[in-house]
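Accompanying notes for the structure given below.
The values are calculated or read from the model by the stated rules, or taken from the named source; none is laboratory data. Because the structure is predicted, anything quoted here is derived from the model rather than measured. Heads up: the accessible areas ignore ligands, DNA and RNA and are worked out on the full protein's heavy atoms, side chains in. Shrake-Rupley method; radii C 1.70, N 1.55, O 1.52, S 1.80 Å.
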Amino acid sequence: MNAVVQYCRNVVNEHGHRGLWAPRGDSPDHYELINQARRDILTKLRLVLDCAETIAYEIE
């Protein structure tokens, strides 16, 4: 679980500024904001959480 927490922290640090997500571009519309969030953060976090959940089920 420590590896999961560390990975999540790394993803946020790579794409954030002082703990806040900073989208790229000049005034992107809400569709672009959603796409950026999915591409940069949410997809990576979902992947690592799914992997951790699979491992937990296998251990049980």
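What the table shows:
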item	result
Portion, in percent, of the accessible area of the chain that falls on carbon or sulfur, probe 1.4 Å	58
For the chain: accessible area per residue (Å², 1.4 Å)	84
Cα extents of region 1-51 along the three principal axes, largest first (Å)	37, 23, 10
